[in-house]
Amino acid sequence: MENLLSCILWLPVVGIVAVLCTPKGKDNAVRWISLAVTTITFVLTLVLYCNFDTSMSEMQFAIKVPWIKAFHIFYSLGVDGISLPMIILTSLLFAICIMSSWTITKSVKGYFALLLMLESSVFGVFMSLDFFLFYVYWEIMLLPMFFLIAVWGGENREYAAIKFFLYTFFGSILMLVGMVALYYVTGQSSSSFDILALQGGNFTNEMVSIFGYDFHFNKLFFWFMFIGFAIKVPVFPFHTWLPHAHVQAPTAVSVILAGVLLKMGTYGFLRISFPIFPEASVHYSTAIAVLGVVNVIYGAMCAMAQTDVKKLIAYSSVSHMGFVMLGLAAMTVQGMNGAVLQMFNHGTSTAMMFLLVGILYERSHHRWIIRPDGTKGFGGLFTQLPNYSIIFIIGMFASLGLPGLSGFISEALIFLGIYERFTTITVIAVFGLLLGAAYLLWMFKRMFFGEVIEECKSYTDVNAREIFYMLPLCIAVVVFGVYPTPILDIMRASVGELVTLLSRF
Amino acid sequence: MLKLLSNMSFYVPELVCILTMCTLLFMEAFYGDKSKGRTFVYITAMIGLAIAFAVLACSVGNKPQPIFYNALIIDSFSTVMKMIMVLGTLGVFYLCSQSTDIYEDLKTEFLVMTIGVLIGGMLLSSANNLLTVYLGIETLSILSYVLAAFKKRDGRSSEAGLKYVLYGGITAGVMLYGISHIYGILGTIQFSEIPGLIKALDSQQTLLLLPAFVLFFVGIGYKIACVPFHMWSPDVYEGSPVPVTTFFSIVPKLAGMAVLIRVTLVFFNHDGVLQTAWVGLMQVLAALTMFVGNITAINQKSVKRMLAFSSIAHAGFMMCGILVLNATGIRAILFYGATYLFMTLLAFYVTSFIIDKYGTDDHERFTGLISKHPLVAISMSVALFSLAGLPPFSGFIAKFNILSALIESEKYSLALIAVLNSVISLYYYLRLVKTMCVNEADSSEPIEGLGFVNQAVIVGLGIPVILLGVFWEKLMLVADGAKIFIQ
């Protein structure tokens with residue numbers, strides 16, 4: 001059991017080696033190896049779940065091995081109730097993405113090796129308990145992402161990939177400064193990168209001088225970290241890389257990007273920003289809430305204006321991540337639980353939407369709801385692709401928060417948690433839900449109803465492979481919509497602990 | 001006399017180099033025209049340097065020892081610095097044996113002269129008085145002028161040589177002028193006496209010392225190509241043959257860095273007006289060096305020139321480690337130097353192969369390299385990502401160390417500037433990676449003629465770039481143990 005986390009973390013790396021060692025031309029072998037590796041990883045995360053003690057708020061399965069003694073850096077892993085849902089989500093989505101990438105034919109080996117590398121680094125981020133290790137994984141993740149977007153993406157992929165890379169690198173480099181500053185502020189003898197040891201933040205009186213201006217250590221580096229994570233989420237002024245990256249990325253990468261990578265930003269708030277800078281976090285919670293509500297409304301407005309269905313879904317992610325930010329800003333038990341649940345639920349529902357768009361794209365080779373010349377891109381899909389439409393409806397309604405499907409519960413929890421602290425903001429944010437329903441339903445109407453367009457007649461319905469990989473997500477969306485207790489149980493203790501920590505300030 | 005002789009035992013590495021140099025000259029006379037003998041010449045040269053390296057490696061932990069009436073000091077810092085430089089020269093030797101950028105009949109001369117520059121560098125890294133510094137810089141420079149103009153039938157190479165001479169001559173003069181001022185104020189050129197004398201200076205004399213030191217610094221600044229003394233370097237780097245450029249961006253730069261560390265610690269190691277003023281000036285220079293290097297690198301079409309500008313920026317990064325004036329900073333610079341060596345060699349090796357293949361190092365020539373020769377493209381990407389400072393490559397750890405040195409002494413502003421520069425540099429490195437790995441090549445014919453040994457060398461250079469980014473404790477300890485000795 002002790003090495004379970006390391007197994008999950010390094011199994012994809014073993015997969016990379018296996019993939020690279022397969023002889024040239026054996027593309028199918030590469031696909032099956034990747035599928036096997038990701039499936040085993042998924043099973044291992046389920047083993048992790050089964051052995052997880054939900055009554056404990058402490059880190060479990062922890063492992064701590066010295067890495068660089070001179071700098072007190074450890075290879076330190078562990079999971080708690082906040083990271084476990086993310087780890088399960090990650091392994092599930094990666095297995096599904098491998099299946100959805102079966103149709104990739106351009107340098108198959110490289111593609112799957114990079115995808116596995118991405119999986120490993122994402123696990124690293126969610127498991128690290130050492131800030132240095134966290135940072136290393138956080139950055140390594142950029143490499144496969146860059147190549148996946150730049151090589152296998154759409155027409156404008158190079159611009160999108162470089163923009164994504166530079167944006168995220170800028171954010172993380174600020175985080176790096178903060179990380180090193182944290183190391184030195186605690187004093188030589190107790191210096192460490194240990195995330196757990198840094199919790200509680202005892203450096204309120206430190207001052208930092210930059211270009212002649214004095215700042216409170218606490219507040220300054222809270223914002224440094226904030227920008228680093230906010231770019232990933234993405235929070236409103238830092239979101240401009242997202243539509244490009246999403247639209248240009250191949251389907252599987254969009255799924256990972258929206259399903260998992262965006263959550264790394266909010267996970268960073270939960271794991272680093274809030275516990276290490278609790279005072280500043282509470283102090284600036286209004287600002288976070290305002291940014292969150294801007295995200296909700298602005299993302300929804302942008303989504304409404306899109307004529308490219310993938311861009312529409314991308315902006316809907318901006319909007320939905322805004323709800324997570326609101327839940328975080330609430331700093332109450334319901335709000336935080338709602339936020340973590342929303343991270344999981346948005347992961348499944350948005351993954352469904354992107355996969356569905358990808359499936360459609362494989363048939364139509366375009367994604368226009370309305371083409372630039374004003375004609376309809378799709379029409380009457382409902383009669384042409386009945387099975388596809390049913391899955392689409394499930395995904396869409398989960399996404400817009402229909403009661404009985406997963407999105408509803410997390411959003412309801414978030415609103416419950418935030419209402420007392422920020423009433424006005426809650427009222428505005430509820431309009432975001434309305435807008436969400438509006439753009440999704442409007443899109444659905446334009447694409448699935450109306451007259452059948454000539455070229456849509458040739459589209460074939462979803463095949464067995466596609467149904468097979470959509471099925472787990474459909475089940476997740478429905479089951480957790482009716483009965484979210486399993487996930488809420490996992491996170492309850494850890495989230496409670498965090499809220500208690502924050503309530504002291 | 002006896003004392004001099006016994007001092008010689010600390011001077012073995014340099015003596016080995018000198019001996020190798022002489023042997024090579026003789027061998028050239030005997031084997032010169034036969035291409036068969038050439039291999040022999042390389043092997044001799046490499047064995048000579050390998051012996052020097054081994055001797056240095058054995059003496060790392062030894063007690064600091066001033067030799068030749070205090071003209072030189074052999075401490076672990078200088079030893080480690082010398083090791084890095086010897087290793088760099090070895091790498092350049094191999095590159096020279098493969099490159100067609102150096103005339104076949106001049107290759108032995110190239111070896112002889114690089115060893116000469118190396119000896120100058122070694123002299124600099126253990127210089128213990130102002131005159132030795134000057135001597136070292138001149139040894140380094142005069143041979144460098146010849147090296148820059150090595151492609152004598154090529155106009156641009158001659159231009160590079162001439163530019164180098166002009167700049168070098170003037171800065172050496174200014175430097176000597178500065179030294180004479182310092183001597184005038186302090187009455188000594190010995191580093192061992194200077195700190196004590198500076199403490200005793202009254203405020204007026206202190207004020208005089210700073211401009212004198214700035215004049216002295218001109219010579220060093222020109223060697224490490226820091227702004228505003230960097231003007232020569234892009235043209236020289238671009239005009240020189242590739243092995244020479246590679247050599248220039250490693251050995252003279254690190255030698256200059258070594259001497260800068262030593263004089264900075266000698267002159268400014270105690271608190272006071274002098275230190276504040278100098279650290280302030282260095283901060284500005286370091287920031288400017290990084291900005292100028294990185295921003296100008298963005299628009300370069302020639303990869304060699306881009307690497308030249310980026311090496312200016314890297315010098316700026318290393319300067320950040322100096323101005324904190326403590327052991328963390330020096331350790332960071334040594335670490336930086338060691339990792340920078342491998343990345344730079346790797347990047348220049350690949351560039352050299354491209355130049356040999358296509359006759360130009362234009363950005364476009366790298367297009368679609370991944371489909372033509374995956375190994376080369378991947379190695380180059382590793383080198384570039386490492387230069388940009390991305391984990392898990394060693395360049396990240398190097399930058400991390402500099403950053404921690406800055407933040408430890410609360411230089412947050414410079415730390416911010418440094419990391420911002422990382423972002424800028426990532427842009428142009430990333431663009432080259434994009435050209436190599438993303439853009440489609442016009443033709444997918446593979447690059448031929450890259451033998452097994454060359455591929456092995458490329459991989460051999462790539463491995464430390466990655467390994468030192470993951471298992472960097474050992475190198476860290478070596479760098480940490482390399483204490484600089486100042487009386």
How much FRET efficiency would the formula 1/(1 + (r/R0)^6) give for B:Arg156 and B:Lys301, where r is the Cβ-Cβ distance and R0 is 22 Å, rounded to 0.05?
-> 0.90
List every residue whose amide H lies under 5 Å from the amide H of B:Thr367, counting only residues 5 or more places away in sequence or on a different chain, with H placed 1.01 Å from N in the peptide plane.
-> none
Most packed first (mean Cβ within 10 Å per residue), the peptides B:161-171, B:264-274, A:326-336 order as A:326-336, B:161-171, B:264-274
List, in the order given, every pair from A:Lys163/B:Lys253; B:Lys63/B:Lys474; A:Lys311/B:Lys304; A:Lys263/B:Lys399; B:Lys107/B:Lys253; B:Lys82/B:Lys304 whose Cα-Cα distance in the structure shown is over 30 Å.
-> A:Lys163/B:Lys253; A:Lys311/B:Lys304
Against the longest alpha carbon principal axis of chain B, how many degrees, from 0 to 90 and to the nearest 10, is the axis of helix B:130-148 turned?
-> 20
Taking Cα pairs under 8 Å and at least six residues apart, what relative contact order does chain A come out at, in percent?
-> 16
Average partner coverage of A:144-152, which counts Cβ from other chains inside 10 Å = 3
Just tell me how shielded A:137-143 is by partners: mean number of partner chain Cβ atoms within 10 Å of each residue's Cβ, no decimals.
-> 4
Scoring segment A:139-264 by relative contact order with C-alpha pairs under 8 Å, at least six apart, yields a percentage of 34
Please give the peptides B:428-434, B:275-281, A:406-412 ranked by average Cβ packing (other Cβ atoms within 10 Å per residue), highest first, as a rough proxy for protection.
-> A:406-412, B:428-434, B:275-281
If amide H atoms are modeled at 1.01 Å from N in the peptide plane, then the residues at a separation of 5 or more from A:Asp130, or on another chain, having amide H under 5 Å from its own are A:Ser76, A:Ile195
To the nearest 0.05, what FRET efficiency results for A:Met301 and A:Glu420 with a Förster distance of 25 Å applied to their C-beta separation?
-> 0.40
Please give the residues of segment A:286-317, grouped as numeric ranges, whose backbone N is less than 19 Å from a label point set 7 Å along the Cα-to-Cβ vector of A:Arg371.
-> A:306-311
Please give the peptides A:447-459, B:92-104 ranked by average Cβ packing (other Cβ atoms within 10 Å per residue), highest first, as a rough proxy for protection.
-> B:92-104, A:447-459
Working from Cα positions, state the angle (0 to 90°, nearest 10) between the long axis of helix B:374-388 and the longest principal axis of chain B.
-> 20
Run the quick spin-label model on A:Ala287 and A:Met56: label points 7 Å from Cα toward the beta carbon, then report their separation in nm to one decimal.
-> 3.7
Shielding by partners for A:173-182, please: the mean number of other protein chain Cβ atoms within 10 Å of each residue's Cβ.
-> 6
In whole Å, what three semi-axes, largest first, describe the equivalent ellipsoid of segment B:272-487 built from its Cα gyration tensor (square root of 5 times each eigenvalue)?
-> 34, 19, 13
Other-chain or far-sequence residues with amide H under 5 Å of A:Ile210's (modelled H) | A:Phe215
On each of the three principal axes the extent of the alpha-carbon atoms of segment B:16-270, given in whole Å and largest first, is 66, 42, 24
Projected label distance in nm at B:Gln455 and B:Leu2, using a 7 Å step from Cα toward the beta-carbon | 6.1
Hey, with R₀ at 56 Å, roughly what FRET efficiency would B:Glu364 and B:Ser9 work out to, going by the Cβ-Cβ distance, to 0.05?
-> 0.55
Note to self: C-alpha centroids of segment A:327-380 and segment B:419-436 sit apart, in Å, by 32
Segment B:235-293 versus segment A:91-134: alpha-carbon centroid distance in Å | 42
Whole-number percent relative contact order across segment B:167-226, with pairs defined as alpha carbons under 8 Å at least 6 apart = 56
Mind checking the full-extension length gain between A:Val13 and A:Ile393? Use 0.36 nm per residue of separation minus the Cα-Cα distance, one decimal, nm.
-> 133.1 nm
Once the Cα atoms of helix B:327-358 and of chain B are each reduced to a long axis, what angle between those two axes, in degrees from 0 to 90 to the nearest 10, is obtained?
-> 30
In nm, to one decimal, how far is the modelled label at B:Leu106 from the one at B:Asn70, with both set 7 Å along Cα→Cβ?
-> 4.4
Under the Karplus relation with 6.51, -1.76 and 1.60 and θ = phi - 60°, whole-Hz ³J(HN,Hα) for segment B:467-483, x at Gly and Pro, equal 4, 5, x, 10, 10, 9, 5, 4, 4, 4, 5, 4, 5, 5, x, 7, 7
How much mean residue ellipticity at 222 nm does chain B get from its helices, if each DSSP H run of length 4 or more adds -39500 (n - 2.57) and you divide by all residues, to the nearest 500 deg cm²/dmol?
-> -26000 deg cm²/dmol
Calculated [θ] (222 nm, deg cm²/dmol) that DSSP helices of n ≥ 4 give over chain A, each run adding -39,500 (n - 2.57) = -23000 deg cm²/dmol
Count charges around A:Phe226 for me, please; just the other residues with Cβ under 13 Å from its Cβ, Lys/Arg as +1, Asp/Glu as -1.
-> +2
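A short reminder: the numbers here are calculations on the coordinates, not readings from a lab. The shown structure was predicted, so the numbers you read here are calculated from the model rather than taken from an experiment. Ideal geometry is used to build each Cβ from the backbone, glycine not excepted, and the neighbour counts take in all protein chains shown.
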